[in-house]
Every structure is written in C-alpha cells, then in structure tokens.
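Coordinate-derived values only; no laboratory data. Quantities reported herein were computed from a predicted structural model and do not represent experimental measurements. All Cβ positions, even for glycine, are placed from backbone atoms using ideal geometry, and neighbour counts span all protein chains on display.
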Amino acid sequence: MIQVFPSDQRLQCILWRDSPNETIRVYHLTTVTYGTACAPYLATKCLQCLSDLESETFPVASRVLKNDFYVDDMLTGADDIETASHLAHEMIKLTSSGGFNLRKWTSNSNALLDQLPVDLVDKRPARELDIAHTTVKTLGLLWDTSSDCFLFHSPVWNTNAIITKRVVLADTARLFDPLGLVGPVVVLAKIFVQELWKQKCEWDEPLPEAYQNFWIEYRRNLCALSSLSIPRWVAFSTDLLSVQVHGFCDASSKAYGACLYLRSTASNGAVEVRLITAKSKVAPLEDLKRKKKVQTIPRLELSSALLLSHLYMKSSSLAPQFSIQPISGPIPQL
C-alpha cells in the first residue's frame with residue numbers, strides 16, 4: 001500500500017495484450033512492488049518516516065515503530081498490561097494513519113488480546129518465527145504464547161535421497177537458529193560441511209559410508225530438540241536490584257564461539273540466570289595459495305574473545321534499558 005511518487009511510476013511498467021492482434025497496452029504500477037531490489041528499503045523507510053511525522057501525536061508508538069520492526073513484523077513488549085494496552089492501541093492508530101493495518105496480534109497475555117479487535121488477533125498458541133517456513137521447512141523456532149517459551153521443531157527430511165555434499169548443504173541451510181539457542185548443535189553441521197570441503201567431495205557424488213551414517217544420525221538426533229523449552233523472558237520482573245551480563249568464549253581446533261547470560265537479582269534476593277544469545281564459527285582452513293596457515297589455539301581463542309565483544313556490543317545496543325555492572329575479580333585467561 002506504499003504509493004510511488006507519480007514521476008517514478010513510469011519506471012515500473014507492464015506491457016500487456018491479450019492476443020498478438022491487439023495493440024500493446026502500457027500499465028504503470030503505482031505502488032511499491034514486492035520483489036524489486038528497492039522494495040525492502042522503501043518499505044522500511046516509509047515506516048521510519050511515518051514514525052518521525054507522528055512522533056508528537058503518538059510518542060510511545062513512534063519509538064517502537066522505528067526500533068522494533070523487522071520489515072513488516074513487530075516484536076516488542078511492555079512491563080505491565082496497562083502500558084502494553086496503551087502501546088497496542090496507539091500503534092494501531094499510528095500505522096493506520098499511514099495506510100498500514102497491523103494484523104495477527106499475539107501476546108503471552110490473554111488479558112491484553114481481549115482488549116484488541118477480534119479480527120486483528122491471531123488465536124494460534126504457537127507462532128513460527130521463521131518467515132521463510134511457508135516455502136522451506138526449517139528447524140523452526142517457535143514462540144509458545146501460553147507458556148511464553150521458545151520451542152523448536154525438526155524439519156521433515158527426505159530419507160530416500162542419497163546423501164551428497166549438495167544435500168548436506170541444503171539440510172544445513174534449513175537450520176534456523178538466529179539467537180544461537182542451540183548453537184552447540186548447529187556448529188556440528190558447520191564443522192561437518194567444512195570436513196566435506198577438506199576431503200574435496202564432489203557435489204552430487206554419494207558421500208563415503210561413514211559420512212552418510214554420521215549425517216543420518218545427526219538428522220535423527222535433531223528430533224530431540226522438540227523437547228527443548230527456553231523461556232523468552234530473561235529477567236525476573238521490573239523490580240530488580242541488579243542486572244549483570246556475563247560473557248563466555250572458548251575455542252578448539254575445529255570451531256570457536258561465545259555466549260551471553262543475563263544474571264538478574266530480584267528485590268527478594270532471588271537470582272535468575274538466563275541465556276541471551278550465542279554465536280559460533282568454524283576455524284578457518286589452511287590456504288597455501290593465500291599463504292594462510294592453520295591458526296593456533298591461542299589465536300582462535302583471541303578470535304572467540306573478539307566474537308564475544310561484538311556479541312556484547314550488539315546485545316547492549318538492542319537493550320539500552322539494562323544497566324550493566326562490571327564483575328570484580330581476576331580476568332579469565334585465554
């Protein structure tokens with residue numbers, strides 16, 4: 001529903017005729033067309049401009065519109081029902097003023113959903129967070145709104161297909177874990193793919209029997225992730241005495257990684273520790289042509305420390321409301 005400036009509409013033309021005997025008709029597309037290179041930018045920029053234009057009329061919703069949207073999906077929250085209800089109604093008015101109608105609202109609070117128009121509410125108990133699941137069945141990350149937990153479900157594999165390097169790469173691309181919650185599982189697939197490159201396996205030739213058995217067993221073990229449940233909310237409540245972010249990193253000859261935990265202390269002294277995010281990478285291969293040697297463990301450990309620092313900076317920018325407190329004590333040796 002984003003209208004293109006009239007002078008630019010001629011750049012989106014469709015030539016059409018029902019038969020070769022008819023004169024060619026020229027149609028101009030008047031709105032942003034999905035699939036063009038500029039469409040994602042224009043859609044996001046329009047939301048940002050709408051946020052700036054209505055910042056005084058809708059101050060709360062305008063901040064969320066600018067910071068908590070991914071293309072056309074909103075992921076945000078509030079500390080209590082009253083604040084969330086105010087935000088939801090203000091957001092509906094703000095987006096409607098620009099011609100955008102937010103639908104499929106879902107929440108971990110039924111009391112909030114009861115205050116929204118029935119035709120805008122999504123009643124499904126679990127939401128698929130991978131927007132590509134409609135075309136490619138992935139290791140899906142779901143949000144169960146009733147328990148407010150993240151869940152995983154394993155994709156359906158084609159067990160009849162011969163396992164080749166192409167099949168392994170296709171299977172690996174279907175592992176959707178943006179937060180790194182199952183990083184120790186996903187990194188095994190990355191290491192295995194790297195091993196196939198080291199062995200110079202052809203794309204469509206069957207893998208050696210030992211490699212095929214490993215990948216079949218890996219697929220089977222992924223089904224165990226369906227029993228995993230990870231709380232979405234990483235703190236106790238808004239009534240906290242302290243919030244600390246703890247980071248860990250390590251490396252081996254095959255891969256290195258980093259993770260962040262949030263340690264929160266409630267007013268009654270109770271302590272809760274939750275995983276925020278994690279990230280892993282495989283160790284670089286030796287490349288004699290580019291004069292790159294196999295990296296030593298100390299150097300890989302430094303790479304993991306750098307990865308941790310990037311992970312921390314990214315997480316801190318997404319959650320500026322948390323006050324980070326340094327931990328006293330000796331610096332861990334890499």
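Extending 7 Å from the Cα toward the beta-carbon at both Ala235 and Gln199 defines two label points whose distance is 4.9 nm.
When only alpha carbons of the stretch 157-223 are considered, Rg and Dmax amount to 11.7, 34 Å. Using a Förster radius of 25 Å, what is the FRET efficiency between Ser226 and Asp68 based on their Cβ-Cβ separation? Nearest 0.05, please. Taking R0 as 25 Å, the efficiency between Ser226 and Asp68 is 0.30. Have a look at Tyr41, Asn67, Cys149 and report the one farthest towards the positive end of the charge dipole of the chain, computed about the Cα centre with Cβ charges (Lys/Arg +1, Asp/Glu -1). Farthest along the dipole direction, towards plus: Tyr41.
Mean-square fluctuations from a GNM of the chain, with a 10 angstrom spring cutoff on Cα atoms, peak among Gln115, Gln212, Gln12 at Gln12. Rounded to the nearest 20, the Cβ-based charge dipole of the stretch 176-269 about its Cα centre (Lys and Arg +1, Asp and Glu -1) stands at 260 debye.
Charged side chains reduced to their Cβ positions (Lys and Arg at +1, Asp and Glu at -1) give the chain a dipole of some 1380 debye around its Cα centre.
Overall shape of the stretch 1-102 was characterised from the C-alpha gyration tensor. The equivalent ellipsoid obtained from it has semi-axes of 38, 12, 11 Å, in decreasing order. The convex hull drawn around the Cα atoms of the stretch 52-194, when projected onto a plane and averaged over every direction, covers 11.2 nm². Once the gyration tensor of the Cα atoms in the chain is diagonalised, the equivalent ellipsoid follows with semi-axes of 38, 34, 21 Å, ordered largest first. Taking N as the residue count of the stretch 116-273, its C-alpha radius of gyration divided by 2.2 N^0.38 Å amounts to 1.30.
Give, to the nearest whole percent, the P(r) tail of the stretch 241-282 beyond 12 angstrom, counting all Cα pairs. Considering the stretch 241-282, 61 percent of its Cα-Cα pairs are separated by more than 12 Å.
Taken about its Cα centre, the stretch 1-114 carries a charge dipole of roughly 580 debye when the Cβ of each Lys and Arg holds +1 and the Cβ of each Asp and Glu holds -1. What the Cβ-Cβ distance of Arg219 and Ser19 gives, at R0 = 51 Å and to the nearest 0.05, is a FRET efficiency of 0.45. Both the radius of gyration and Dmax for the stretch 197-250 are 21.0, 59 Å, in that order, over alpha-carbon atoms.
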